[in-house]
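Before any comments, here is the structure.
The values are calculated or read from the model by the stated rules, or taken from the named source; none is laboratory data. Everything numeric here is computed off the predicted structure, so don't read it as measured data. In this analysis, Cβ positions are derived from the backbone assuming ideal geometry, glycine residues included, and neighbour counts consider all displayed protein chains.
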Amino acid sequence: MRTSFLAVLALLVLPGAGPRAQEAQVRLLVQASPLAGSQFHDLEALRPRLRVGDPLTLVREPENPHDPRAVRVEWQGHKLGYVPRKENRSVAAALDRGDVLRARIARLREDPDPWRRLEFEIWMEL
(Lines give C-alpha, C1' and ligand atoms only; values in the text may rest on other atoms or scores of the structure.)
Protein backbone atom coordinates (compact mmCIF):
# COMPACT_ATOMS: atom_id res chain seq x y z
CA MET A 1 0.00 0.00 0.00
CA ARG A 2 1.36 3.42 -0.97
CA THR A 3 0.54 5.07 2.35
CA SER A 4 2.60 2.57 4.36
CA PHE A 5 5.52 2.85 1.96
CA LEU A 6 5.50 6.64 2.25
CA ALA A 7 5.31 6.53 6.02
CA VAL A 8 8.41 4.33 6.18
CA LEU A 9 10.39 6.56 3.80
CA ALA A 10 9.31 9.94 5.08
CA LEU A 11 11.22 10.47 8.30
CA LEU A 12 12.73 13.84 7.53
CA VAL A 13 15.18 15.86 9.55
CA LEU A 14 14.74 19.50 8.66
CA PRO A 15 17.03 22.36 9.59
CA GLY A 16 15.89 24.71 12.35
CA ALA A 17 14.32 28.08 11.67
CA GLY A 18 17.47 30.16 11.90
CA PRO A 19 21.13 29.79 10.94
CA ARG A 20 22.13 29.27 14.58
CA ALA A 21 19.36 26.85 15.48
CA GLN A 22 20.66 24.13 17.79
CA GLU A 23 17.87 21.62 17.23
CA ALA A 24 16.50 20.05 14.08
CA GLN A 25 12.82 19.61 13.48
CA VAL A 26 11.74 16.05 12.74
CA ARG A 27 8.63 15.33 10.69
CA LEU A 28 7.13 11.89 10.32
CA LEU A 29 4.77 11.48 7.38
CA VAL A 30 1.74 9.61 8.68
CA GLN A 31 0.00 9.23 5.33
CA ALA A 32 -0.72 10.69 1.92
CA SER A 33 -4.31 10.32 0.76
CA PRO A 34 -6.86 11.44 -1.78
CA LEU A 35 -9.63 13.65 -0.45
CA ALA A 36 -12.89 11.73 0.01
CA GLY A 37 -16.32 13.27 -0.53
CA SER A 38 -15.08 16.48 -2.13
CA GLN A 39 -17.93 16.45 -4.64
CA PHE A 40 -20.36 17.05 -1.75
CA HIS A 41 -18.49 19.95 -0.14
CA ASP A 42 -16.63 23.19 -0.95
CA LEU A 43 -13.68 21.99 -3.05
CA GLU A 44 -14.93 23.09 -6.47
CA ALA A 45 -15.99 26.55 -5.30
CA LEU A 46 -12.65 27.10 -3.55
CA ARG A 47 -10.39 25.49 -6.17
CA PRO A 48 -9.15 28.81 -7.67
CA ARG A 49 -7.88 29.89 -4.21
CA LEU A 50 -6.21 26.60 -3.21
CA ARG A 51 -2.45 26.10 -3.60
CA VAL A 52 -0.14 23.13 -3.15
CA GLY A 53 1.43 23.51 0.29
CA ASP A 54 -1.60 25.24 1.86
CA PRO A 55 -2.20 24.03 5.42
CA LEU A 56 -5.31 21.99 6.12
CA THR A 57 -7.11 21.37 9.41
CA LEU A 58 -8.13 17.89 10.55
CA VAL A 59 -11.30 17.76 12.66
CA ARG A 60 -12.60 14.62 14.37
CA GLU A 61 -16.30 13.84 13.94
CA PRO A 62 -16.93 10.95 16.38
CA GLU A 63 -20.69 11.50 16.11
CA ASN A 64 -20.69 11.22 12.32
CA PRO A 65 -23.62 8.89 11.46
CA HIS A 66 -21.75 7.31 8.52
CA ASP A 67 -18.39 6.66 10.18
CA PRO A 68 -17.48 6.93 13.90
CA ARG A 69 -13.80 7.40 12.90
CA ALA A 70 -14.57 10.26 10.51
CA VAL A 71 -11.93 12.98 10.14
CA ARG A 72 -13.07 16.13 8.33
CA VAL A 73 -10.55 18.04 6.20
CA GLU A 74 -10.88 21.84 6.19
CA TRP A 75 -9.14 24.73 4.45
CA GLN A 76 -9.47 28.08 6.23
CA GLY A 77 -12.66 26.91 7.96
CA HIS A 78 -14.29 25.49 4.80
CA LYS A 79 -15.11 21.78 4.67
CA LEU A 80 -13.39 20.22 1.67
CA GLY A 81 -14.10 16.55 2.43
CA TYR A 82 -12.78 13.71 4.58
CA VAL A 83 -9.85 11.42 5.17
CA PRO A 84 -10.93 8.26 3.30
CA ARG A 85 -12.72 5.77 5.53
CA LYS A 86 -10.25 2.99 4.65
CA GLU A 87 -7.36 5.20 5.79
CA ASN A 88 -8.72 7.09 8.80
CA ARG A 89 -8.23 4.61 11.67
CA SER A 90 -4.75 5.75 12.76
CA VAL A 91 -5.46 9.44 12.14
CA ALA A 92 -8.65 9.29 14.22
CA ALA A 93 -6.87 7.43 17.02
CA ALA A 94 -4.02 9.96 17.06
CA LEU A 95 -6.43 12.90 17.21
CA ASP A 96 -8.42 11.18 19.97
CA ARG A 97 -5.19 10.82 22.00
CA GLY A 98 -4.52 14.51 21.57
CA ASP A 99 -1.59 14.09 19.19
CA VAL A 100 -0.90 17.15 17.07
CA LEU A 101 -1.14 16.30 13.40
CA ARG A 102 -0.41 18.69 10.55
CA ALA A 103 -1.84 18.44 7.05
CA ARG A 104 -1.22 20.20 3.76
CA ILE A 105 -2.31 20.07 0.15
CA ALA A 106 0.15 17.85 -1.73
CA ARG A 107 -1.39 17.83 -5.20
CA LEU A 108 -4.20 19.56 -7.08
CA ARG A 109 -5.37 18.52 -10.52
CA GLU A 110 -8.26 18.79 -12.91
CA ASP A 111 -9.80 15.35 -13.16
CA PRO A 112 -13.32 14.00 -13.76
CA ASP A 113 -12.79 11.60 -10.84
CA PRO A 114 -13.37 13.60 -7.62
CA TRP A 115 -11.03 11.21 -5.75
CA ARG A 116 -8.12 12.45 -7.88
CA ARG A 117 -8.67 16.21 -7.62
CA LEU A 118 -6.86 16.83 -4.33
CA GLU A 119 -4.29 14.78 -2.48
CA PHE A 120 -3.07 15.73 0.97
CA GLU A 121 -0.36 14.71 3.41
CA ILE A 122 -0.60 14.28 7.15
CA TRP A 123 2.44 14.35 9.38
CA MET A 124 3.53 14.59 13.02
CA GLU A 125 6.27 16.90 14.24
CA LEU A 126 8.50 15.17 16.79
Given the condition modelled with pLDDT of 95 or more and at positive phi, answer yes or no: does some residue in region 65-79 qualify? yes
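Would you call R27 modelled with pLDDT under 95, in a strand (DSSP E or B) and surrounded by fewer than 18 Cβ atoms within 10 Å (Cβ to Cβ)?
Values: modelled with pLDDT under 95: yes; in a strand (DSSP E or B): yes; surrounded by fewer than 18 Cβ atoms within 10 Å (Cβ to Cβ): yes.
So R27 passes the test.
Within region 36-68, how many residues are among the charged types (D, E, K, R) and touching a residue at least 24 places away in the same chain (Cβ under 8 Å)? Spell out the reasoning first.
Let us first name the residues in region 36-68 that are among the charged types (D, E, K, R), namely 42, 44, 47, 49, 51, 54, 60-61, 63, 67.
Remaining after also requiring touching a residue at least 24 places away in the same chain (Cβ under 8 Å): 42, 47, 51, 54, 60.
Going through region 36-68 one residue at a time, the tally reaches 5.
Out of all the residues in region 42-63, which are part of a loop (DSSP other than H, G, I, E, B) and either out of contact with any strand residue (DSSP E or B) (no Cβ under 8 Å at 6 or more places or on another chain) or within 19 Å of E121 (Cβ to Cβ) (or both)? Give the derivation first.
Step one: list which residues in region 42-63 are part of a loop (DSSP other than H, G, I, E, B), which gives 42, 50-54, 61-63.
The answer is L50, R51, V52, G53, D54, P62, E63.
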Taking region 38-49 only, how many residues are aliphatic (A, V, I, L, M) and within 17 Å of R72 (Cα to Cα)? 2
If you take the residues in region 71-114 that are part of a strand (DSSP E or B) and of a type in the set (K, R), which one is surrounded by the fewest Cβ atoms within 10 Å (Cβ to Cβ)? R107
